[in-house]
1. Near E49, within a Cβ-to-Cβ distance under 15 Å, what is the net charge of the other residues, with Lys and Arg +1 and Asp and Glu -1?
2. Given only helices, namely DSSP H runs of n ≥ 4 each adding -39500 (n - 2.57), what is the per-residue ellipticity at 222 nm of the chain, to the nearest 500 deg cm²/dmol?
3. Please give me the summed charge of the neighbours of D137: other residues whose Cβ is under 15 Å from its Cβ, Lys and Arg +1, Asp and Glu -1.
4. All other residues with a Cβ under 14 Å from the Cβ of V106 taken together, and with Lys, Arg as +1 and Asp, Glu as -1, what is their net charge?
5. Just to confirm the number: angle between the C-alpha axis of helix 2-14 and the first principal axis of the chain, 0 to 90 degrees, nearest 10?
6. Given a cut-off of 31 Å, name the pairs among K29/K100; K18/K100; K18/K42 whose C-alpha atoms lie farther apart than that in the structure shown.
7. With +1 assigned to the C-beta of every Lys and Arg and -1 to the C-beta of every Asp and Glu, and no other charges, what is the dipole magnitude of the chain about the Cα centre in debye, to the nearest 20?
8. Would you work out which of V57, V99, L118 lies farthest towards the positive end of the dipole of the chain, given +1 charges on the beta-carbon of Lys and Arg and -1 on that of Asp and Glu, about the Cα centre?
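Values in this text are rule-based calculations from the coordinates and carry no lab data. Remember, predicted model here, so these are calculated numbers, not experimental data. Quick reminder, even Gly has a Cβ in these numbers, built from the backbone with ideal geometry, and neighbours come from all protein chains shown.
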Amino acid sequence: MLTFLSTFMSFLMGGLPKLLDFFQDRADKQHELALANMQTEKELRMLKEGYVAQARVEEIRTDQMQINADIETQKFQLEERQALYAHDMALSEGTSTWVKNARAMVRPAITYGFFFLLVFVDVFGFYYAIKTGVQFDVALNLLWDDDTQQIFASIIAFWFGTQAFAKK
């Protein structure tokens with residue numbers, strides 16, 4: 001149960017930015033729905049009064065406003081990403097290439113290190129179990145216990161959960 005819980009939490013932590021985007025998107029859609037309702041009411045009034053040409057002009061104007069809003073949102077997101085990259089670059093100004101590479105490898109190195117440690121412990125643990133005559137199921141339960149499963153599942157869920165949420 002703890003393995004499932006830690007895996008689920010790690011998966012969610014990888015997707016936290018997308019979750020926040022979901023709530024922002026939901027608020028944006030509510031706003032857009034309110035605008036669409038107002039637009040529909042306006043169009044119905046205009047059609048009722050016989051202003052078909054004016055309704056088409058208003059539709060084009062509304063579409064243009066939506067396109068402009070989408071462009072502004074994309075510009076803002078691009079500027080925000082560029083500011084984050086610039087901040088990261090500013091932190092590494094004046095440092096050697098080695099330090100920059102070391103900063104970039106912290107999380108992957110921990111992941112790789114844990115994976116290779118796991119492989120090392122399991123391979124040599126099974127080798128030791130075979131040499132000492134321990135039964136396979138007993139050795140497996142000792143080497144692949146609940147704590148190991150939780151840690152391994154959390155790491156995998158975080159990395160692959162991040163990738164799953166990153167796709168649009």
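1. Its environment carries a net charge of +1.
2. The helix contribution divided over the chain gives -31500 deg cm²/dmol.
3. Charge balance in the 15 Å sphere: -2.
4. +2
5. Result, in degrees: 40.
6. The pairs that break the limit, which is 31 Å between Cα atoms, are K29/K100; K18/K42.
7. Charge dipole of the chain: 240 debye, to the nearest 20.
8. The residue sitting most towards the positive pole is V99.
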